[in-house]
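Only one structure is covered here, and it is reproduced in the block below.
The values are calculated or read from the model by the stated rules, or taken from the named source; none is laboratory data. Here the structure is a predicted model, which means the values were calculated and not measured. Cβ atoms come from the backbone with ideal geometry, glycine included; neighbour counts cover every protein chain shown. To get the accessible areas, we keep the full protein, side chains included, count just its heavy atoms, and leave off ligands, DNA and RNA. Shrake-Rupley method; radii C 1.70, N 1.55, O 1.52, S 1.80 Å.
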Amino acid sequence: QAKLIPVALTGRDVLGQAQTGTGKTAAFGLPLIHLCSRDVPFQALILAPTRELAIQITEEINKLAKHTPIRAVTLYGGQSVQAQASKLKSANQILVGTPGRVMDMIERGLIHLNNIRFAVLDEVDRMFDIGFRDDIQKILGMCPKPGIPPEGRQTIFVSATIAGEVEKLARKHMFEPEKIITSAGSLTVSLVKQFHLTVQPWDKSKLLIHLLTHEEPALTLVFCRLKRTVDDLCRRLMEKGVEA
């Protein structure tokens, strides 16, 4: 935050690499809140790879902007378009969304990108993955050209990792960006203790149940790749007396 905020406030484009847990949302969110005008809709666009991250960013920005007239709204799949369209009337300076839903809202004529003065990509390494790349390029292509506001669009890309090819792609959408690196090799802050256990696929749920019943953590977050796996695992945990 100490490195990125002063640069962002000057209107310069920024390519920021920082570990998970270092407060990247506030690093780009506070300058946006400060620089956005109260009466102009759709001035800032923040793109995130998942709806969970988009919701989290919106909540944090609105918490930080509580005593200002600036508000963020989330656009993501899985919620009705009408529900999100109605929120645009009251919270509309900052749009936070997933690429697919943002494209959908543009095509429906519910939002436009003519006023965009600030474009932010969070987890930029994932945003330039093959799955998102076309949508990202289309969306950024619809925004005013990169440059220093108000003449151009300020662009801020942040991530825990920015590999060579991603950086090359990112720079094509930026104007003379300043690169800020705060992570020294590690993806997470040193306060996070990490352990891993190698296990065969068929033993995964058995091991998880063993850990939950023997280690007795107060709260556990389990990520699964498929909805079906989530349902199956939930059922198995409940059968073993683990609240899930």
Checked pairs for segment 19-40, first closer than 12 Å to residue 122 by Cα, second among the hydroxyl-bearing types (Ser, Thr, Tyr), C-beta under 7 Å and 6 or more apart or across chains, list as 20/188
Residues satisfying the stated conditions in segment 130-169, i.e. within 18 Å of the chain's Cα centre (by Cα) and part of a strand (DSSP E or B): 154, 155, 156, 157, 158, 159
For residues that are in contact with a Gly (Cβ under 9 Å, 6 or more places away or on another chain) and either open to solvent by less than 100 Å² (accessible area, probe 1.4 Å) or without any contact (Cβ under 8 Å) to a residue 60 or more places away in the chain (or both), tally how many sit in segment 187-198. 3
Filter segment 201-242 for residues that are of a type in the set (Gly, Ala, Ser) and assigned to a helix (DSSP H, G or I) and give the result. 205
Condition broken by residue 70, with the remaining ones in (1) modelled with pLDDT of 95 or more; (2) in a loop (DSSP other than H, G, I, E, B); (3) out of contact with any helix residue (DSSP H, G or I) (no Cβ under 6 Å at 6 or more places or on another chain) satisfied: (3)
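Matching residues to (1) over 31 Å from the mean Cα position of the chain (by Cα); (2) exposed (fewer than 12 other Cβ atoms within 10 Å of the Cβ):
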residue: 200; (1), (2): yes, yes
residue: 204; (1), (2): no, no
residue: 209; (1), (2): yes, no
residue: 215; (1), (2): yes, yes
residue: 224; (1), (2): no, no
residue: 227; (1), (2): no, yes
residue: 230; (1), (2): no, no
residue: 234; (1), (2): no, no
residue: 238; (1), (2): yes, yes
Contacts under 8 angstrom Cβ, first residue in segment 220-235 being over 17 Å from residue 202 (Cα atoms), partner open to solvent by less than 100 Å² (accessible area, probe 1.4 Å) and not hydroxyl-bearing (Ser, Thr, Tyr), 6 or more apart: 220/212
Test: residue in segment 23-37 that is within 27 Å of residue 171 (Cα to Cα), open to solvent by 60 Å² or more (accessible area, probe 1.4 Å), outside any loop (DSSP other than H, G, I, E, B) and touching a Pro at 6+ places or on another chain (Cβ under 7 Å): no
